[in-house]
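Engineer: Sharing a structure here in structure tokens format.
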Amino acid sequence: MAEEIANRLPEEEYTSDRYMFNKYSLKALTMRYALYNERYELAARLAKEIMDSGNYSLYPDYEALFMYEGTDSNNEFIMWQDMASHSGGTYSFSHLGPHYRTGPGESFVVPLKNLVDSYWTLQGNKIDEDTRHTREEYVLNPDLNRDPRFEATIIGHGDIFYEDTINIYNPNSPMFYENTRASASGYWWKKFVDEADAFRGACSGDMNFPLLRYAEVLLTYAEAKIMMGEPDQLSKNAINLIRERAGLDMTEADVTLPRYSSYSQQDWIDLIWNERRIEFAGEGLRYDDIIRWRIAEDVLNKPALGHTRKVNGELQSLFIEERRFEPHMYLWPFHESNLKVEPGLSQNPGY
């Protein structure tokens, strides 16, 4: 039914109301639901149709895509939350940015150590398996030989923000990790935190946000084919397009190279899952991926940690809180009012 409706819509996005559905944006949303519900053939077919349409392409600069330079005009956003879709200004700097001098940053949502350590190397290797440096060296210096998407997505201790060096261990700094408006992890999102908003009012931004990007279409095609056990040339090319735009060293990160020919299906799954994680970090897709991949017991039953440094010869990470996930949490509870108005409805187990 969704495809039938999409085929009645115009193929091109609207000039002034880009948030409104067109043929391919509705098909892209349907594609996402198909992938989430393990309808891999449908997801791959819709992704390929969008790819073949020629309507979309990757923005050339990954970092700039999430700043005003890129969000104002690009051919990658397929579903938009633009200024025409709501009233008032945007709050991305206020909610995500650091408290800087008299700026509005509140650090409400911040990256954690687990995400930081998940960025592979510039050559496309896991930091545990790379021979250029030890895991400890990578953990202590996340900028060391790392996938450039890390630097484009996250800022933290030692980085430059608005011409100042961030020092999360200086009690006199507004970015001191124990301060109320600072980041308890010592990291902040760089995506959607444009320095142009540093001294504007808390809700004075006018940034456009992607609800679904062309990058997701490419990685959906690749994931669907991998899950069907059919990682074809087109799916590998799709991964390469993502990695090349990110700035990886394609003399080693090109997945059509001989070293990838011995990959098992699980190896490809590990690669595509991590590719999604870092490509869409901070864009609201990770939790749904964890749930649909059924890996929550493994990844959500760990303490939330932050920046790591060496103290008295031992690695020490900022501790934020303990976290827990139990198997029944894959389903949410029904609200009490739903149970009252529908007598035949039973509460999900565990609640």
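Engineer: Could you do me a favour and compute the accessible area per residue for the chain, 1.4 Å probe, result in Å²?
Structural biologist: Per residue, the chain has 49 Å² of solvent-accessible surface.
Engineer: Also: Please work out the ratio of the alpha-carbon Rg of the chain to 2.2 N^0.38 Å and round it to two decimals.
Structural biologist: Compactness ratio reported: 1.05.
Engineer: Using a 7 Å offset from the Cα along the Cα-to-Cβ direction at both residue 301 and residue 341, what is the distance between the two label points in nm, to one decimal?
Structural biologist: 3.7 nm
Engineer: What nm value, rounded to one decimal, do you get for the distance between residue 114 and residue 294 when each label is placed 7 Å out toward the C-beta?
Structural biologist: In this crude label model, residue 114 to residue 294 measures out at 1.9 nm.
Engineer: Note down the nm distance, to one decimal, between modelled labels 7 Å out along Cα→Cβ at residue 261 and at residue 53.
Structural biologist: Modelled inter-label distance: 3.7 nm.
Engineer: Right, another one. Of the heavy-atom accessible surface of the stretch 208-265 (probe 1.4 angstrom), what whole percent is carbon and sulfur?
Structural biologist: Of all accessible area on the stretch 208-265, carbon and sulfur atoms account for 51 percent.
Engineer: Over the stretch 163-233, how many percent of alpha carbon pairs lie in each 5 Å bin up to the one with the longest distance?
Structural biologist: Whole-percent P(r) values from 0 Å outward: 3, 12, 13, 14, 13, 10, 10, 9, 9, 6, 2, 0.
Engineer: Any idea which of 173, 188, 315 is furthest toward the positive side of the dipole for the chain, if Lys and Arg beta-carbons carry +1 and Asp and Glu beta-carbons -1?
Structural biologist: 315
Engineer: Please identify the chymotrypsin sites (Phe, Trp or Tyr not before Pro) of the stretch 37-126 that satisfy two criteria: DSSP loop assignment and at most 16 other Cβ atoms within 10 Å. Which are they?
Structural biologist: Sites meeting the loop and neighbour criteria: 108.
Engineer: At a Förster distance of 25 Å, what's the computed FRET efficiency of residue 252 paired with residue 37, Cβ-Cβ distance as r, to 0.05?
Structural biologist: According to the calculation, E is roughly 0.10.
Engineer: Need one word for the stretch 125-212: rounded, prolate or oblate. Basis is the Cα gyration tensor (sqrt eigenvalues a ≥ b ≥ c); a/c below 1.5 gives rounded, then a/b vs b/c decides. Present the calculation step by step, with values, prior to reporting the outcome.
Structural biologist: Values: a/c = 2.64, a/b = 1.42, b/c = 1.86.
Oblate.
Engineer: If R0 is 25 Å, what FRET efficiency do you get for residue 11 and residue 45 from their C-beta distance, rounded to 0.05? Show your work: numbers first, answer last.
Structural biologist: Numbers: r = 17 Å, r/R0 = 0.69.
The value I calculate is 0.90.
Engineer: For the stretch 75-173, run through the trypsin sites (Lys or Arg not before Pro) and keep only the ones in DSSP coil with at most 16 other Cβ atoms within 10 Å of their Cβ.
Structural biologist: Here the sparse-neighbourhood loop sites are 101, 126, 132.
Engineer: Can you work out the Karplus-derived ³J(HN,Hα) for every residue in the stretch 53-63? Use 6.51 cos²θ - 1.76 cosθ + 1.60 with θ = phi - 60°, whole Hz, and x for glycine or proline.
Structural biologist: 5, x, 6, 10, 7, 6, 5, x, 10, 4, 5
Engineer: Then there is this: Classify the stretch 58-101 as rounded, prolate or oblate from the Cα gyration tensor: take a ≥ b ≥ c as the square roots of its eigenvalues, call it rounded if a/c is under 1.5, otherwise prolate when a/b beats b/c and oblate if not. List each step's numbers first, then the result.
Structural biologist: Working: a/c = 2.97, a/b = 1.28, b/c = 2.32.
In terms of gyration-tensor shape, oblate.
Engineer: Then there is this: Just flag the GluC sites (Glu not before Pro) in the stretch 1-74 sitting in loop per DSSP whose Cβ has no more than 14 other Cβ atoms within 10 Å. Intermediate values should be presented prior to the final figure.
Structural biologist: Numbers: sites: 3, 4, 11, 12, 13, 38, 41, 49, 63, 69; in loops: 11, 12, 13, 38.
When the GluC sites (Glu not before Pro) of the stretch 1-74 are filtered for loop state and at most 14 Cβ neighbours within 10 Å, 11, 12, 38 remain.
Engineer: For the stretch 226-351, what class follows from the C-alpha gyration tensor (a ≥ b ≥ c being the square roots of its eigenvalues): rounded when a/c is under 1.5, otherwise prolate if a/b is larger than b/c, else oblate?
Structural biologist: oblate
Engineer: If only Cα atoms are counted, what is the Rg of the stretch 270-312, and what is its Dmax, in Å?
Structural biologist: In order Rg, Dmax, the Cα atoms of the stretch 270-312 give 13.0, 42 Å.
Engineer: Would you work out the relative contact order for the chain, in percent, from Cα pairs under 8 angstrom that are 6 or more residues apart?
Structural biologist: Normalised by residue count, the contact order of the chain is 19 percent.
Engineer: Accessible area of the stretch 289-351 with a 1.4 Å probe: how many percent of it is carbon plus sulfur?
Structural biologist: 53 percent
Engineer: Computing the accessible area with a 1.4 Å probe over protein heavy atoms, can you report the carbon and sulfur percentage for the stretch 28-153?
Structural biologist: In the stretch 28-153, the share of accessible area belonging to carbon and sulfur is 48 percent.
The values are calculated or read from the model by the stated rules, or taken from the named source; none is laboratory data. As the structure is a computational prediction, the values presented were derived from the model and not from experiment. Counting neighbours? That spans all protein chains shown, and the Cβs are built from the backbone with ideal geometry, glycine included. Note: accessible area is taken over every heavy atom of the protein model, side chains too, but ligands, DNA and RNA are not part of it. Shrake-Rupley method; radii C 1.70, N 1.55, O 1.52, S 1.80 Å.
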